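To keep things clear, I will list the structure first and then write my remarks on it.
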Amino acid sequence: MPSGIRRWRSFIALAGSRSTPGCSAGGARGAPRDERRANAICVPGAGQCGPLDRWAALRRRHTERRCRQLAKAGIGLKELSQVFITHNHSDHVIDVGTLMVLAWGSGLDTPVGLHGPPPLKEIVHDSLAASRFDIAARIREEGRGRGGPLVHVHERSAGGLVYEDQRVRVTCALVDHYTVKPAFAYRFDTPSRSVVISGDTTYCPRLVALARGADLLIHEAMYLPAIDQLGGENAPRLREHLLRSHSTTEQAGAVAAQAGVKKLVLSHLVPAFPTITDQMWLEGVRKHFAGEAIVGRDLQEV
């Protein structure tokens with residue numbers, strides 16, 4: 001086990017649970033706003049501190065904010081070991097290289113595995129290349145070791161076993177994210193419980209099969225009555241994209257019920273309007289799922 005992995009903690013920490021893709025209200029595409037942070041889900045102790053899924057930001061300062069969110073959850077960047085990317089939309093992967101650079105700058109000295117669909121290798125290579133000047137300066141002036149050899153990218157295009165050690169078994173399934181293929185959901189089976197992360201997807205039978213009997217399902221959710229408030233001139237096309245790419249609250253509830261999970265957490269909420277209450281989010285879920293269901297919040301432990 002890498003020396004940087006120091007302790008076992010079996011909780012799941014959410015970050016950026018409210019994240020609206022595409023256009024925000026008023027038509028400003030991808031405008032950085034507090035309620036639409038790019039999101040991450042961390043399962044410390046499950047795979048040596050993985051995963052960090054959908055870790056991205058529109059600006060570097062937002063990546064640093066995500067790192068602060070990790071710190072608030074009691075997780076140091078130098079503890080990173082395995083990172084699992086669901087798909088290659090920018091709000092899920094754009095700053096994965098920046099995350100690696102910041103972790104290296106924070107003292108990371110053990111290998112990190114990055115798992116996800118192609119062209120993840122190209123994305124990581126280009127992202128690290130953008131920091132080449134900074135990396136060289138820090139090696140020259142601060143005596144830091146070379147970070148490049150620490151990053152190991154593992155691309156995959158099919159479901160199956162992704163990673164396994166003595167504490168966790170990670171499997172994945174292909175999900176339906178419209179034209180963005182491949183896209184994955186992940187399952188983490190640990191000695192204490194099983195956790196499934198839906199990734200971005202519309203209703204998908206493969207996700208139901210992956211989540212069968214899980215203790216916890218973290219599922220994206222779209223509040224259908226409000227999506228027409230998104231976008232401007234491209235609103236009709238955006239609506240078509242959302243309906244083909246994402247899951248309504250009713251569909252999230254159906255997956256949870258059909259898979260027989262014990263608990264459902266809604267995350268990656270679309271749209272991320274503060275006027276949509278938890279009761280409104282859960283109303284659609286309750287049409288199908290009678291088990292425990294909550295709406296995710298940043299730094300919430302579930």
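Annotations for the structure displayed:
- Distance (nanometres) between label positions extended 7 Å along Cα→Cβ at Asp278 and Glu142: 4.0 nm
- Prolate/oblate/rounded call for segment 261-302, Cα gyration tensor, a/c under 1.5 rounded: oblate
- Percentage relative contact order, segment 178-276, counting C-alpha pairs under 8 Å, at least six apart: 33 percent
- Too-long pairs where the Cα-Cα distance tops 32 Å, listed order kept, from Lys78/Lys121; Lys181/Lys263; Lys121/Lys262; Lys181/Lys262: Lys121/Lys262
- Ranked Leu207, Leu264, criterion: other C-beta atoms within 10 Å, fewest first: Leu264, Leu207
- Segment 180-251-segment 101-130 distance, computed between alpha-carbon centres (Å): 26 Å
- Of the GluC sites (Glu not before Pro) in segment 225-258, those whose Cβ has at most 16 other Cβ within 10 Å and which sit in DSSP loop: Glu233
- Less than 5 angstrom separates the built amide H of Thr201 from those of Ser247, all sequence-distant by 5 or more or on a different chain.
- Distant-in-sequence amide H partners of Ser194 (H built 1.01 Å from N, under 5 Å): Asp215, Leu216
- For segment 97-114, 3J(HN,Hα) computed residue by residue from phi via the Karplus equation (6.51, -1.76, 1.60; θ = phi - 60°) reads x, 4, 4, 5, 5, 5, 5, 4, x, 8, x, 4, 9, 10, x, 10, x, 10 Hz, glycine and proline entered as x.
- Three-way shape call for segment 86-171 based on the alpha-carbon gyration tensor, with the a/c threshold at 1.5: oblate
- Listed from fewest to most Cβ neighbours within 10 Å, the set Phe84, Phe184 follows the order Phe84, Phe184.
- When DSSP beta bridges are restricted to pairs lying wholly in segment 148-293, around 50% turn out antiparallel.
- The alpha carbon gyration tensor of segment 96-137 gives principal lengths a ≥ b ≥ c with a/c of 1.5 or higher and a/b no greater than b/c, which makes the shape oblate.
Each reported figure results from applying straightforward, stated rules to the coordinates on display, with no laboratory input. Since the structure is predicted, the reported quantities are computational estimates derived from the model, not experimental observations. Note that each Cβ is placed from the backbone with ideal geometry, even for glycine, and that neighbours are counted across all protein chains shown.
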